[in-house]
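Below: one structure, written as structure tokens.
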């Protein structure tokens, strides 16, 4: 029961409330949490604190943006991976660099 309540809260926060902070009262400066990720047996495995955020990554050394590959589950990768989390308004976290 507690996990389902947290999931509902976290999804609402990430999908609706964070983007409102961009324009309420002239806008607030808020931070998107950094994604957690590892490469295990050649597969990128990642997660984020708020499940309503999108994870996007690159494998060519460029900075991830809203048009980069969307992370939907473990994926085969090689070399360095850069990953960011994005909210619905397009604001991003800092970059996670995974080797």
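Here, each number is a calculation from the coordinates, and none is a lab measurement. On a predicted model such as this, the values are computed, not experimentally measured, just so you know. Positions of Cβ are generated from backbone atoms using ideal geometry, with glycine treated the same way; all protein chains shown enter the neighbour counts.
Please state, as a whole number in µm²/s, the translational diffusion coefficient that the Stokes-Einstein equation yields for segment 2-98 at 37 °C and 0.692 mPa s, with Rh defined as the Kirkwood radius across alpha carbon pairs. The partial results should precede the final answer.
Numbers: Rh = 14.0 Å.
The estimated diffusion coefficient comes to 234 µm²/s.
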Practice task
Determine the percent antiparallel among the DSSP beta bridges restricted to the chain, to the nearest 5.
Solution key: 100 percent
Exercise for the section: Obtain the nm distance between the two label points defined at residue 80 and residue 60 by a simple spin-label model: each point lies 7 Å from its Cα along the Cα-to-C-beta direction. Expected result: 1.6 nm
Practice task
Consider a paramagnetic label point 7 Å from the Cα of residue 95 along Cα→Cβ; state which residues of segment 20-64 have an amide N under 12 Å from it.
Solution key: 57-64
Practice task
Quick one: angle between helix 2-12 and the longest Cα principal axis of the chain, in degrees between 0 and 90, rounded to 10, please.
Solution key: 80 degrees
